[in-house]
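Below: the structure, in structure tokens.
The values are calculated or read from the model by the stated rules, or taken from the named source; none is laboratory data. Only a predicted model underlies this, so the values are computations on that prediction, with no experimental measurement involved. Here the Cβ positions follow ideal geometry from the backbone for every residue, glycine too, while neighbour counts run over all protein chains shown. Quick note on the areas: whole protein, heavy atoms, side chains included, nothing else; ligands and nucleic acids left out. Shrake-Rupley method; radii C 1.70, N 1.55, O 1.52, S 1.80 Å.
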Amino acid sequence: MQYKTGIGYDIHCLAAGRPLFLGGAEIPYDKGLLGHSDGDVLIHALCDALLGALALGDIGEHFPDTDPKYDGIASSQLLNTVKGFVDMDGYKINNIDVVIIAQAPALSPFKKEIKQKLCALMDIQEDVLNIKAKTNEGLGAVGNNEAIACYAVASLVKD
Ligand code: MG
């Protein structure tokens, strides 16, 4: 068995009047994440974790924010492309662990929906994906509810 591991991190600013997407799920809230795409900070961190495991650079290299074709794109499409790289290299997702850091809204009620969305997007079983959500204890920009950050770790396996 061959194993590969990658880490991903991302942070996006919150702004009024935008929809909030996390892991492809739309979370009811009066602010959303700014970004060239839909700002889905969770999917961006996850893409970077998968790209890291494959030694394929980072999300900015594959989907440059200077390219108008990614203007307003659903991040689920980016994840679909990156999952394609995993498949092409002959790897399977061994497990993924995600930490979302948001002062608000409270994300516990949405963890299940986020998990189901991501499992469907990547065609994986729910027992290989873990979603954790925490606040930043009121500290810094995230704690001040100006941004949401996310960390992800992905482990891939090949027979
Ligand atoms: Mg991003």
Taking the range 118-151, which residues are under 14 Å from residue 12 (Cβ atoms) and surrounded by 18 or more Cβ atoms within 10 Å (Cβ to Cβ)? 142, 147, 148, 149, 150, 151
Which ones in the range 4-30 are in contact (Cβ under 8 Å) with a residue 40 or more places away in the chain and farther than 23 Å from residue 120 by Cα? 11, 12, 13, 14, 29
Is there a residue in the range 104-117 that is more than 17 Å from the chain's Cα centre (by Cα) and open to solvent by 60 Å² or more (accessible area, probe 1.4 Å)? yes
Only residues in the range 84-97 that are closer than 13 Å to residue 46 by Cβ and at pLDDT 95 or above count as the first member; pair them with residues that are assigned to a strand (DSSP E or B) and among the polar types (S, T, N, Q), Cβ under 9 angstrom, at least 6 apart or cross-chain, and list the lot. 93/155; 95/130; 95/155; 96/130; 96/155; 97/130; 97/155
Taking the range 1-52 and keeping residues within 14 Å of the ligand (Cβ to nearest atom), at pLDDT below 95 and not charged (D, E, K, R) leaves 35, 36, 37
Candidates 90, 72, 57 - the one that is at positive phi, open to solvent by less than 60 Å² (accessible area, probe 1.4 Å) and within 14 Å of the ligand (Cβ to nearest atom): 72
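Could you tell me which residue of the range 75-87 is nearest to the ligand (Cβ to nearest atom), considering only residues that are among the β-branched types (Val, Ile, Thr) and open to solvent by less than 30 Å² (accessible area, probe 1.4 Å)? Break it down into steps so the answer makes sense when it comes.
Narrowing the range 75-87 to residues among the β-branched types (Val, Ile, Thr): 81-82, 86.
Then keep just the ones that are open to solvent by less than 30 Å² (accessible area, probe 1.4 Å); that gives 82, 86.
On the way: 82: 13, 86: 19 Å.
By that ranking, first place goes to 82.
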